[in-house]
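The values are calculated or read from the model by the stated rules, or taken from the named source; none is laboratory data. What you are looking at is a predicted structure, and each value in this text was computed from that prediction instead of being measured. Cβ placement follows ideal geometry from the backbone for every residue including glycine, while neighbour counts extend to all protein chains displayed. The area values use the complete protein model at the heavy-atom level, side chains included, leaving out ligands, DNA and RNA. Shrake-Rupley method; radii C 1.70, N 1.55, O 1.52, S 1.80 Å.
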Amino acid sequence: MTRIQAFTTHLITSLLVVFSVAAIALWIWYPDFYASTNNIWQPLSIMIGVDAVLGPVMMLILFKPGKPGLKFDVAVILTIQIIALAGAASLLYLERPKLTVYYDGMFVCLSSNNVNAINVDPEQFMRDDFLVPQAYLPEPSNIADQRAWDQRLSELPDGSLMLPPYVFGDKFEAIGSNGLAAMQYEDLDLTKVIAEDSEYYATWQKFAQKHGEKINDYIYLSMTCSVNEHLAAVDRKTGAIIDAVAIPSLNTTKKRILN
């Protein structure tokens with residue numbers, strides 16, 4: 001096998017593997033807007049850079065028929081690629097959104113690790129209009145419930161960053177009339193942030209072109225997945241998240257305050 005043949009074979013094989021993993025991530029693990037809200041591009045870019053670019057280039061440089069130590073060089077290249085591929089794929093798989101929970105005016109994406117930790121079955125909240133199962137965590141409705149809530153939070157390990165959606169899995173409910181009413185009460189107005197920031201204005205225009213007049217039928221609520229905050233566009237009648245727009249809630253105002 002010549003150097004060019006080795007490079008070509010290695011490149012094609014690497015591309016097939018890398019883009020197969022990327023396709024699974026984009027279409028199955030992080031469907032639709034969950035890819036951007038979870039910022040999967042960083043691990044994907046590292047995986048593509050190492051496996052689809054660096055690996056084949058190293059093969060092109062180091063491969064020489066009959067070269068002493070050639071098998072060792074090839075083994076090193078393959079090892080580096082496998083480590084990058086396995087690391088990125090494992091991270092994407094473990095951090096994939098398994099359940100999106102509405103609580104206190106915002107949606108929080110719970111990863112596979114989070115869901116397993118609180119022993120919740122996401123499938124019980126699955127509906128045909130949900131890309132990822134959605135649940136509702138009601139706030140305490142009386143003093144006794146609030147005290148029990150506070151007690152459970154106080155028992156978390158020092159320095160824990162766990163928020164209620166990560167802790168109160170046993171209190172999750174399917175999204176019904178109570179959840180819809182809570183969402184509608186927290187609906188956000190985007191007028192200020194769109195008017196004051198040209199970047200967010202452009203983002204909003206793209207979103208508006210995609211959804212047309214339906215944008216007026218959605219509830220807009222904060223949505224946090226991974227380290228990113230977006231605004232979830234929620235169907236006012238069903239509570240299903242239709243899409244997410246890359247605008248933070250920082251400069252938005254609750255419509256009930258404006259009214």
| said: Based on this model, can you work out whether Ser14 counts as part of a helix (DSSP H, G or I), closer than 20 Å to Asn114 by Cα and either of a type in the set (Lys, Arg) or open to solvent by less than 70 Å² (accessible area, probe 1.4 Å) (or both)? | reply: no
| request: Among the numbered conditions (1) within 30 Å of Ile4 (Cβ to Cβ); (2) among the aromatic types (Phe, Trp, Tyr); (3) touching a residue at least 40 places away in the same chain (Cβ under 8 Å); (4) open to solvent by 60 Å² or more (accessible area, probe 1.4 Å), tell me where Tyr93 comes up short. | output: (1)
| field | Residue ID - nearest to Lys98 (Cα to Cα), chosen from residues in the stretch 123-179 that are among the β-branched types (Val, Ile, Thr) and in contact (Cβ under 8 Å) with a residue 40 or more places away in the chain | value | Val132
| query | If Asp104 passes every condition in (1) within 13 Å of the chain's Cα centre (by Cα); (2) open to solvent by 20 Å² or more (accessible area, probe 1.4 Å) but one, which one does it miss? | reply | (1)
| message | Can you find a residue that is part of a helix (DSSP H, G or I), under 30 Å from Asp121 (Cβ atoms) and polar (S, T, N, Q) anywhere in the stretch 159-179? | response | yes
| message | Checking Val74 against (1) surrounded by 14 or more Cβ atoms within 10 Å (Cβ to Cβ); (2) more than 19 Å from Ile48 (Cα to Cα); (3) free of Cβ contacts under 8 Å to residues at least 24 places away in the same chain; (4) not charged (D, E, K, R): exactly one of these is not met. Which one? | response | (2)
| query | So, in the stretch 118-147, of the ones that are assigned to a helix (DSSP H, G or I) and in contact with a strand residue (DSSP E or B) (Cβ under 9 Å, 6 or more places away or on another chain), which residue ends up surrounded by the fewest Cβ atoms within 10 Å (Cβ to Cβ)? | reply | Gln124
| query | With Asp150, Asp129 as the choices, which residue is within 24 Å of the chain's Cα centre (by Cα) and either under 30 Å from Ser14 (Cα atoms) or not hydrophobic (A, V, I, L, M, F, W, C) (or both)? | reply | Asp129
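Yes/no per residue for (1) modelled with pLDDT under 90; (2) of a type in the set (Phe, Trp, Tyr):
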residue	(1), (2)
Pro65	yes, no
Pro68	yes, no
Asp73	yes, no
Gln81	yes, no
Tyr93	no, yes
Tyr102	no, yes
Met106	no, no
Ile118	yes, no
| What is the residue count in the stretch 17-68 for residues that are under 24 Å from Ser222 (Cβ atoms), outside any helix (DSSP H, G or I) and either among the hydrophobic types (A, V, I, L, M, F, W, C) or open to solvent by less than 50 Å² (accessible area, probe 1.4 Å) (or both)? | 5
| message | Which of the strands (runs of 3 or more DSSP E) found entirely inside the stretch 182-259 contain at least 1 residues meeting this: without any contact (Cβ under 8 Å) to a residue 24 or more places away in the chain and either open to solvent by 50 Å² or more (accessible area, probe 1.4 Å) or touching a Cys at 6+ places or on another chain (Cβ under 7 Å) (or both)? | response | 228-235
